[in-house]
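One structure coming up, written as structure tokens, with questions to follow.
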């Protein structure tokens, strides 16, 4: 951005501010209007100012702009003798414009520049906004936007100059002020606020104008006689407005974990806050899934339960809470419990029992008496629509997050906004004030750390050493990941063979055989717990300068581990268990896969709690009691976020086999939030190097969309299109694939009603045809690609505009310097001519 040409000698101690192109345009429009008004009315003031400038500057030793009439002028004169002691290095660090000595002619031109004339005449400002309020009153039907007014105004180096002392100018200003107050009084409240905000006056003058307008308005209301009906109407409007504001405030207070999130943000920064916001996002995704599956699958099946199994109910032993089997196997929790159709109560029990053994569909006799709820069709379309709506929400969230986080937001401008504009003056409670102050303080620390971050130039040997260290660290991480994935593959194969051997030699159901099913989830959860510690050790060896870069590298390594583990597990469930369920002694392989996913989700939560206990709480006690050190562990954002993505992927994979798995995931996320927040406040410390996580939420949503949701969607789609369902359980019993439920329904619909034959054609050529699905997916990806390209193009355009404004500022400084050099040449030539004349 263009820097303001600052003539303050202490400018090198201050940080340069930035402006936006929109502000620049509005300011120059305002400058142009003020110049036109001041050229008409400000002749006397101009003459006096120029005379004062001529008195203040001589041509020999006082051409520095620091001698402008200002409150600090006397202090500058006192320090003039000390200025000679400044070293040459310090003089080189000053702005070249400041180091120059300006003549009075140059200063006269500088004072007439548009960017320096604003603010020197308060009467001109009042006159300008008097004209604007008159225009606004004439077109009150179409209220202008705040963009129609100038946003800000630059301070003037002539603002401290001599003002006109004439009585005529004062009377004109007072009359203009009175007219402006009258016009403000006649405006609406919103227009009055917009107008006052846009005025380049001090806060005290704005408050005085607002107070005078309110006093005149109340005086006019008191003198005028308002009818009773109008007064009653005003009272009703005020009461309705206050009730509406109170209702909005109440809804705002109902936001989930609002105070807790502010506390986390104030103490630990935006990086740790992004984890809890991501957890909250996952909670809403699972709440949506639970509502959809509960309303269309669980509730209808619970109202019309199928007959009990012939072997009877299994006694509850308590181990079922860990394994998900036992008495839970024949319940609405799993896929095998759902009937191939569900009938309403208008049918007799005999008809219902007879139709349960029939093929998929509704019995003809019962259908003639009452409509039926086709459970296979409901199951298929509920899962499909839930995934489709989730995909739309995810893509929308990702695009919105991309637009918010990848905009050009320079740290200097955001820092100024945080310092001057971030406080909410409506906050009055002590706790809220403390939370807000901590939050703003932490954000300012993050912005300052980003502003002061320096990229050190490294030598060739240092670069080679860092390359060797990075290669070694990545080799360790990739090798350990491959070794763990291979170990999981062979251990899952061993568990598969063990299950087959037990099926070939049937034994009585025992708790030990049920507990053996927990071996694979425990091994996988243990690997997910221990291997990120090795990744952190590798990152410690690499010594990254930027905390954000270290976090992103840790996220990529943990993502590599989670994706590999989920790929092996998906092959184990869909490539081994679902292909040969008879060899494993499974009557309903969908129930077994659902129980496996339940066990993995539960073990992931248990090991996360153990990691919080031993990795954070006990380590803090050991560090304080034994090592006698006050250092606490830092919250590991990468590992905790990837654990959330891993658990959510399991929930999406299991919703087809366990419709109530989203409810378990909701309970897990609720408990996890309070466990992590309590451990964070008690055991962890803020990052040693604060950093601003401007793009971290976007990366989390992107990882949730593409590796997680896309992989789960592919697995669920493959199950529906290719794998044969169980023949003795579930809503798709007797069908070759789950997809045939929709196909047979559309065919039956076309036979019963010939007018709907077009629907059957659309289903066969659009839904069943893979080419259409690939085409739709391709168009979808093209839209996403074009959206990202548009965002990237906007970023480049904004960058070019910023460079252009910066170049314009450099051009101004160059022209001013050239102007001064030309003046110096003319002055030198004049001196030579004068000396020659005197010599002659």
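Every number here is computed from the coordinates shown, using simple stated rules; none is lab data. Here the structure is a predicted model, which is why all the values come from computation and not from measurement. Positions of Cβ are backbone-derived with ideal geometry, glycine not excepted, and every protein chain shown enters the neighbour counts.
If the chain between residue 667 and residue 810 were fully stretched, how many nm would it gain, using 0.36 nm times the residue separation less the Cα-Cα distance?
Extra length available between residue 667 and residue 810 comes to 45.5 nm.
What is the stretch 595-724 by shape, rounded, prolate or oblate, if you read a ≥ b ≥ c off the alpha carbon gyration tensor as root eigenvalues and call it rounded for a/c under 1.5, prolate for a/b larger than b/c, and oblate otherwise?
Prolate, since a/c reaches 1.5 and a/b exceeds b/c.
Sticking with this structure for a sec: Just to compare against my own numbers: the Cα pair-distance distribution for the stretch 425-489, 5 Å bins, whole % per bin, please.
With 5 Å bins starting at 0, P(r) equals 3, 13, 9, 9, 8, 9, 10, 9, 10, 9, 8, 2.
Moving to a separate point now. At R0 = 56 Å, how high is the FRET efficiency between residue 253 and residue 831 if r is their beta carbon distance? Nearest 0.05 is fine.
0.15
A further question follows. Of the peptides 588-595, 282-289, how do they stack up when ordered by the mean number of other Cβ atoms within 10 Å, highest first?
Most protected by this proxy first, the peptides run 588-595, 282-289.
So for the pair residue 822, residue 505, with labels modelled 7 Å out along Cα→Cβ, what separation do we get in nm?
10.5
For the residues 229, 327, what sequence is obtained by ranking on other C-beta atoms within 10 Å, fewest first?
With the sparsest Cβ surroundings first, the list reads 229, 327.
How far apart, in nanometres, would the label points at residue 465 and residue 782 be if each is projected 7 angstrom from Cα along the Cα-to-Cβ direction?
Between residue 465 and residue 782, the simple spin-label model gives 5.3 nm.
Now, a different point. Kindly rank 611-624, 649-662 from highest to lowest mean number of other beta carbons found within 10 Å of each residue.
Going by the mean number of other Cβ atoms within 10 Å, highest first, we get 649-662, 611-624.
Another question, if that's okay. Can you figure out the FRET efficiency of residue 764 with residue 606, using R₀ = 35 Å and their beta-carbon distance, to the nearest 0.05?
0.15
What order, most packed first, do the peptides 553-560, 706-713 have when packing is the mean number of other Cβ atoms within 10 Å of each residue?
Averaged packing, sorted descending, gives the order 553-560, 706-713.
Distance in nm between label sites at residue 755 and residue 458, each 7 Å beyond Cα in the beta-carbon direction?
In this crude label model, residue 755 to residue 458 measures out at 7.4 nm.
What is the distance in Å between the Cα centroid of the stretch 618-667 and that of the stretch 225-293?
The stretch 618-667 and the stretch 225-293 have Cα centres spaced 28 Å from each other.
Along the Cα-to-C-beta direction of residue 388, a point sits 7 Å from the Cα; which residues of the stretch 771-798 have their amide N less than 17 Å from that point?
Hits in the stretch 771-798 for residue 388 at 17 Å: 771-781.
Follow-up question, since we're still on this one. Fewest first, what order do 779, 637 take by the number of other Cβ atoms within 10 Å?
Lowest to highest Cβ neighbour count: 779, 637.
What FRET efficiency, computed as 1/(1 + (r/R0)^6) with R0 = 56 Å and r the Cβ-Cβ distance, is obtained for residue 210 and residue 280, rounded to the nearest 0.05?
0.90
Under 1.5 on a/c is rounded, so check that first for the stretch 545-644, then, if it is not, pick prolate when a/b is larger than b/c and oblate when it is not; a ≥ b ≥ c are the square roots of the alpha carbon gyration tensor eigenvalues.
Oblate is the answer for the stretch 545-644, as a/c is 1.5 or above yet b/c matches or exceeds a/b.
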